[in-house]
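Chemist: Next up is a structure, given as structure tokens.
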Amino acid sequence: MKLETLTIHEIVDLLKNKEISYSEVVDSVLKQIEGQNEKYGAYLYTDPDGVREQAKALDDKGVTPQNPLYGIPYGLKDNFCTDHMPMTCASKMLENFRPPYNATAYESIKNAGGILLGKTNMDEFAMGSSTETSYFKVTKNPWDLTKVPGGSSGGSAAAVAANMAYYSLGTDTGGSIRQPSSFCATVGLKPTYGLVSRYGVTAFASSFDQVGPITKDITDCALVLNAIAGHDAKDTTSLNLDKKDYTQCLTKDIKGLKVGICDSFMGDNLQPEIRAAIDAAIEVYRDLGAEIVPVCAQFLDHALAAYYIISSAEASTNMSRYDGVRYGYRAEDYNDLEEMYNKTRSEGFGLEVKRRIILGSYVLSSGYYDAYYNKATRVRTMIREDFNRMFDSCDVLLTPTTANTAFGLGERTDDPLAMYLTDVYTVPANIVGAPALSMPCGFDKNGLPIGLQLMGPVLCEETILKAAFAFESATDFHTQQPKID
Ligand code: GLN
């Protein structure tokens, strides 16, 4: 049996029945990492010895899994702080940084018994859509080595797709969990803003950032969400709500569920095979007894521009802490403080991060604040109202996750606008703070995965998971595996 191809819930059942050991479970993915990471570049750092020791300790104790993540190895995007591993955010700026504390999401999984394999590659400070802005290496798409895995959580998605982790965590500011999930045929959920603590996660654009799971199927997605969702006094934006069991909503009965279809997500630039896959998905929902409801939005055409203005403004302030004084990289030769700042930031940040800092500072500067930043925040409110109106007449919105399947390595690196356009269908959920999930719904003629996005109103994760589970149960896209030798 190829253990590494199984899901979390399948592995836990085998562990409970004592059909396999914890050591066998970690070995299954470590073997993949040892054999494949060189080729795919999913991880920046791994701790095989520590992982084997933890598994052996569990075997020696002879414990049965005490909850569904117990003893299951996973990967963490390299913008989460853990005090026993480096955290680089894939930047030269933090090349030698070791955090002195732990992110809450990591602590929650640790308390549930999860075993951390290592830190996954990403776009520098999570700015990008292809994992090509990493200072250290380029991650490749397990479905086609010449294609990008998406980004910025490309390492986390590639690790799960190539069976180098049973699941992983990513962060999603404008699509960075869903877009790579779409490109790699994994399930990726961006929860409601504030549902999962961001404490100990490096900030990019604080009013958008959200932590979420990347998994092989919907049940696993609900299991990981159970572990990481919840109030955290250390994060002031964390919502104070009772804990839920998200597996409770996983029923196949979605009769009468209103599935909204909005033209703004079906633009002319949509790859024809994606349109066909979405049309087929709509038919699956109709057959399952859902009601298909056309809905419309007025302001969605402005979502991408508003997102890049506001997120860059927030990024420019968040990046100001990397000044060479407190921690991280410091330039070697300088004559005074000013020059030290200048050289440190010029040498420590890559091109895309600099671009965001410059754009962000520009839109916040006194002469342009009203014309850009202020206007973008007003557009944000209008888009929120658009969504409220759409959700008055439907329970979930069904859209493609991206307009194209995975593009070639290097294809968009010289054209930032083409790169930004990749996020056109994912940024609206971040703008409104609503939950959104991507799951596989087909393949193009070259065998590259196509992603289906389901969005719901704020805190309606259960409606999304239920709709996703019904689709997954009626189809077999999630069982397809890339050819990995
Ligand atoms: N690709 C988007 C950007 O570059 C989103 C990134 C993210 O979600 N972290 O801003």
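Chemist: Could you identify the single residue in T401, T381, T405 that is at pLDDT 95 or above, within 14 Å of the ligand (Cβ to nearest atom), open to solvent by less than 90 Å² (accessible area, probe 1.4 Å) and within 30 Å of T463 (Cβ to Cβ)?
Modeler: None of the others qualify; the one that does is T401.
Matching residues to (1) surrounded by 15 or more Cβ atoms within 10 Å (Cβ to Cβ); (2) basic (K, R); (3) within 20 Å of M85 (Cβ to Cβ):
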site	(1), (2), (3)
I20	yes, no, no
G35	no, no, no
K39	no, yes, no
R52	yes, yes, yes
D60	no, no, no
Y70	yes, no, no
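Chemist: For region 263-286, give me each residue that is outside any helix (DSSP H, G or I) and among the charged types (D, E, K, R).
Modeler: D268
Chemist: Count, please, the residues in region 159-185 that happen to be assigned to a helix (DSSP H, G or I) and within 16 Å of the ligand (Cβ to nearest atom).
Modeler: Qualifying residue count, region 159-185: 7.
Chemist: Among the residues of region 363-374, what is the count of those that are open to solvent by 50 Å² or more (accessible area, probe 1.4 Å) and touching a residue at least 40 places away in the same chain (Cβ under 8 Å)?
Modeler: 2
Chemist: Please find, among S197, S156, the residue that is within 16 Å of the ligand (Cβ to nearest atom) and surrounded by 24 or more Cβ atoms within 10 Å (Cβ to Cβ).
Modeler: Step by step, each of S197, S156 is checked, and only S156 is within 16 Å of the ligand (Cβ to nearest atom) and surrounded by 24 or more Cβ atoms within 10 Å (Cβ to Cβ).
Chemist: Here is a follow-up. Please identify the pairs in which a residue from region 183-210 that is within 17 Å of L465 (Cα to Cα) and polar (S, T, N, Q) has its Cβ atom under 6 Å from the Cβ atom of a residue that is more than 11 Å from the ligand (Cβ to nearest atom) and part of a strand (DSSP E or B), counting only partners at least 6 apart or on another chain.
Modeler: The qualifying pairs are T186/I214.
Chemist: Still on this structure, please answer the following. Given the options N96, N121, N79, name the one that is among the polar types (S, T, N, Q) and surrounded by fewer than 18 Cβ atoms within 10 Å (Cβ to Cβ).
Modeler: That would be N96, the only listed residue that is among the polar types (S, T, N, Q) and surrounded by fewer than 18 Cβ atoms within 10 Å (Cβ to Cβ).
Chemist: For the list (1) under 28 Å from T88 (Cβ atoms); (2) among the acidic types (D, E); (3) open to solvent by 40 Å² or more (accessible area, probe 1.4 Å), I need the number of the one condition that D235 fails.
Modeler: The number of the failed condition is (3).
Chemist: For region 142-153, how many residues are within 16 Å of the ligand (Cβ to nearest atom) and either open to solvent by 10 Å² or more (accessible area, probe 1.4 Å) or of a type in the set (V, I, T) (or both)?
Modeler: 1
Chemist: Against the definition (open to solvent by less than 20 Å² (accessible area, probe 1.4 Å) and at pLDDT 95 or above), how does P191 come out, yes or no?
Modeler: When the stated conditions are applied, P191 passes them.
Chemist: Could you grab me the full set of residues in region 24-70 that are part of a helix (DSSP H, G or I) and farther than 19 Å from K119 by Cα?
Modeler: Result: E24, K56, A57, L58, D59, D60, K61.
Chemist: Next question. Exactly one condition in (1) out of contact with any His (no Cβ under 8 Å at 6 or more places or on another chain); (2) of a type in the set (V, I, T); (3) away from the ligand (no atom under 16 Å from the Cβ) is false for T192; which is it?
Modeler: So the condition that T192 fails would be (3).
Chemist: Take T251 and tell me if it is within 23 Å of the chain's Cα centre (by Cα) and open to solvent by 20 Å² or more (accessible area, probe 1.4 Å).
Modeler: When the stated conditions are applied, T251 does not pass them.
Chemist: A further question follows. Select from region 203-215 the residues that are more than 13 Å from the chain's Cα centre (by Cα) and either crowded, with 24+ Cβ neighbours inside 10 Å or away from the ligand (no atom under 13 Å from the Cβ) (or both) and list them in ascending order.
Modeler: Once the filter is applied, which keeps residues that are more than 13 Å from the chain's Cα centre (by Cα) and either crowded, with 24+ Cβ neighbours inside 10 Å or away from the ligand (no atom under 13 Å from the Cβ) (or both), region 203-215 yields F204, A205.
Chemist: Just one of (1) under 26 Å from S134 (Cβ atoms); (2) touching a residue at least 24 places away in the same chain (Cβ under 8 Å); (3) over 22 Å from the mean Cα position of the chain (by Cα); (4) away from the ligand (no atom under 16 Å from the Cβ) trips up S346, so point out which.
Modeler: Single failed check for S346: (2).
Chemist: Is there a residue in region 311-325 that is closer than 18 Å to Y425 by Cβ and out of contact with any Pro (no Cβ under 8 Å at 6 or more places or on another chain)?
Modeler: Yes, the conditions are met somewhere in region 311-325.
Chemist: Taking region 412-424, which residues are more than 12 Å from the ligand (Cβ to nearest atom) and either crowded, with 24+ Cβ neighbours inside 10 Å or among the β-branched types (V, I, T) (or both)?
Modeler: Listed by number, the list holds a single entry, T413.
The values are calculated or read from the model by the stated rules, or taken from the named source; none is laboratory data. Only a predicted model underlies this, so the values are computations on that prediction, with no experimental measurement involved. Virtual Cβ from ideal backbone geometry, glycine too; neighbours counted across all protein chains shown. These accessible areas exclude ligands, DNA and RNA; they are computed on the full protein's heavy atoms, side chains included. Shrake-Rupley method; radii C 1.70, N 1.55, O 1.52, S 1.80 Å.
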